[in-house]
Amino acid sequence: SDDRFNPVSLEEVPKLEVEVSLLHSFEKARDALDWEVGKHGIMIDFEVDDQPYSATFLPEVAAEEHWDQRTTLQYLVRKAGYFYSEYMRVSCVNHSDLLDEIECTRYQTDKAYLSFKEYVQMTKERNRDVTAVFKEHGIAL
């Protein structure tokens with residue numbers, strides 16, 4: 001369960017579409033800025049006071065948010081759980097202490113999509129029809 005989102009109700013399930021990102025082409029970046037917005041996803045790892053931190057963003061995150069590399073790193077550092085007030089130094093060219101500490105791995109993705117209708121069809125073809133669950137709860141498909 002992810003507490004950032006409300007649980008999906010059974011009534012909402014038939015309206016869902018699933019998007020899966022297959023991560024590939026992992027490369028150790030030369031530094032925290034050795035990646036392209038919209039092309040690469042990034043995973044960062046760093047330590048502060050012997051406390052390890054890590055986080056990742058898929059390639060589309062920075063592009064969809066209209067972030068440049070440094071802004072993306074700011075949010076990714078926060079996502080990693082590093083909240084002390086100095087984390088904003090990542091955005092300052094003249095204060096690159098944290099930026100220098102970040103180990104960055106870049107990667108790319110391929111996406112696959114599946115609608116609920118396609119999922120139902122697939123389960124029927126595999127003799128695992130999921131529609132009975134919905135019918136039991138009075139939800140017409």
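Any read-out appearing in this document is the output of simple, stated calculations on the displayed coordinates, not a laboratory observation. No experiment lies behind these values; they were computed from the predicted model shown.
A few remarks follow.
- Ignoring lysines fewer than eight residues from K15 along the same chain, the ones with Cα atoms less than 23 angstrom from its Cα are K111, K117, K124, K135.
- 18 Å Cα-Cα reach of K39 towards aspartates and glutamates, excluding residues that sit fewer than 8 places from it in its own chain: E19, E27, D31, E60, E64, E65, D68, D110
- 3J(HN,Hα) couplings calculated from phi for segment 10-19 with the Karplus curve 6.51 cos²θ - 1.76 cosθ + 1.60 (θ = phi - 60°) are, in sequence order, 4, 5, 7, 3, x, 8, 7, 10, 9, 10 Hz; Gly and Pro show x.
- Taking the helices alone, the chain has a mean residue ellipticity at 222 nm of -7500 deg cm²/dmol, built from -39,500 (n - 2.57) per DSSP H run of at least 4 residues and averaged over all its residues.
- One equal scatterer on each Cα of the chain, no solvent, Debye formula: the resulting log10 I(q)/I(0) at q = 0.20 Å⁻¹ is -1.15.
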